[in-house]
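Worksheet for the structure shown next.
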Amino acid sequence: YRLDRNQLVDSSCPHLASGIRTNQTLRILSLSYNNLQGPHFCDLMAALTTSRIEQLHLVNTHLTDSSCPHLTSGIRNNQTLRTLNLSYNNLDGCHFSDLMAALTTSRIEELHLYNNHLTDSSCPHLASGIRNNQTMRTLDLSHNNLQGPHFRDLMEALTTSQIEELHLDRNHLTHSSCPHLTSGIRNNQTLRKLNLNENNLEGPHFSDFMAALTTSQIEELHLSDNHLTDSSCPHLASGIRNNQTLRTLDLSWNNLEGPNFRDLMEALTTSRIEELQ
């Protein structure tokens, strides 16, 4: 059921609530590109707990940190909701931790937090949400700003999660994040897809990340537009040489031209890569 772009506002939430409360047939509800932020948003979230909705899309609905307690009540112990899309909102703040805590008792498998103004200070809360979480499979944190000392907390929690797909594109990550990325993927047996597009990973620690790739189970790695140069090619080569799991590698929009590019191409011959961009 799609009600995207209907100029719905907070005062519509009680009516939406009456429509989904005890509704046993509705499985997908999309309310994206409306303006639901306000005091009545809590009515909608309360009704969510007695519905059978499996997918809820709230993209760009002007939600802020003050919406997090209401979102929390909607997903805590909710046994039906599987996909929650909160992209293009502004959830960073003191109540974001409540939402992440509730995540641990939900059954959500797919969470989208694309472009939510999240910063490094959000990482400990994100970590608590995914640590030992047995249902979450896909986490989209693209277009935030997670670079900083607490990024390490998120990567450490990744190792005990069940996440298979992680999106960290355009997060202002630099080569100083590579040791933390390394700890997140080294010997990680669940992560299959990692998107790091549009960061800036070129630098001396990039080699650590590539070394860890060889003991991961990653099948799809995206490194488009990461300011990688010819000097990164030996490290890329060590990451893919005899790598038995990697199938897709995206290196587009970098600057790999130079004498070391040959190393990368030679390593390709002993890899299992099926798609190279």
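Readers should treat all values here as calculations from the given coordinates under stated rules, not as data from a laboratory. Since the structure is predicted, the reported quantities are computational estimates derived from the model, not experimental observations. Glycine also receives a Cβ, built like all others from the backbone with ideal geometry; neighbour counts cover every protein chain displayed.
Taking only DSSP H segments of four or more residues, each worth -39500 (n - 2.57), what value at 222 nm results for the chain once the sum is divided by all its residues, to the nearest 500 deg cm²/dmol?
On the way: 10 runs with 80 residues, N = 277.
Roughly -7500 deg cm²/dmol at 222 nm, from the helical runs in the chain.
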Query - Extended-chain gain in nm, criterion 0.36 nm per residue less alpha-carbon gap, residue 22 and residue 138 - result: 39.0 nm
Requested in this report: Sort 180, 15, 62, 175 so that the residue with the fewest other Cβ atoms within 10 Å of its own Cβ comes first and the one with the most comes last.
Outcome: 15, 62, 175, 180
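Run through the stretch 1-67 and list the chymotrypsin sites (Phe, Trp or Tyr not before Pro) located in a DSSP loop whose Cβ has at most 16 other Cβ atoms within 10 Å.
Hits after loop and neighbour filter: 1.
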Query raised in the report: Got a sec to turn the phi values of the stretch 140-156 into Karplus ³J(HN,Hα) couplings, 6.51 cos²θ - 1.76 cosθ + 1.60 with θ = phi - 60°, whole Hz, x for Gly and Pro?
Result: 10, 10, 4, 6, 10, 9, 8, 4, x, x, 8, 4, 4, 4, 5, 5, 5
Requested in this report: Would you mind pulling out the separation of the Cα centroids of the stretch 85-118 and the stretch 127-161, in Å?
Outcome: 11
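Placing +1 at every Lys and Arg Cβ and -1 at every Asp and Glu Cβ, with all other atoms neutral, what dipole size does the stretch 1-122 have around its Cα centre, in debye to the nearest 20?
Values: 8 positive and 10 negative charges, 103 e Å.
The calculation lands at about 500 debye.
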Query - Integer Hz, Karplus 6.51/-1.76/1.60 couplings in order for the stretch 45-50, x for Gly and Pro - result: 5, 5, 5, 4, 5, 10
Query - the stretch 59-75 residues near the modelled residue 172 label - backbone nitrogen below 19 Å, point 7 Å along Cα→Cβ - result: 65
Query raised in the report: What FRET efficiency do you get for residue 247 and residue 5 if R0 is 35 Å and r is their Cβ-Cβ distance, rounded to the nearest 0.05?
Result: 0.40
**Report entry** residue 50 long-range amide H proximity, modeled H, under 5 Å
**Finding:** 22
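Give the order of 202, 219, 274 when sorted by the count of other beta carbons within 10 angstrom, beginning with the fewest. Write down the numbers at each step before the final one.
Values: 202 19, 219 16, 274 10.
Listing 202, 219, 274 from fewest to most nearby Cβ atoms yields 274, 219, 202.
Give the average over all directions of the projected area of the C-alpha convex hull of the stretch 10-276, one decimal, in nm². Before the final figure, lay out the partial values.
Working: hull surface 53.5 nm².
Its average projected convex-hull area is 13.4 nm².
Give me the percent relative contact order of the stretch 10-276, please, defined on Cα pairs under 8 angstrom at least 6 residues apart. Numbers along the way, then the final one.
Values: 677 pairs, mean separation 27.1, N = 267.
Relative contact order of the stretch 10-276: 10 percent.
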Report task. Using the Karplus curve 6.51 cos²θ - 1.76 cosθ + 1.60 with θ = phi - 60°, work out ³J(HN,Hα) for each residue of the stretch 242-256 in order, rounded to whole Hz, and write x for Gly and Pro. Result -> 6, 6, 9, 10, 5, 10, 10, 9, 10, 10, 5, 6, 10, 9, 8
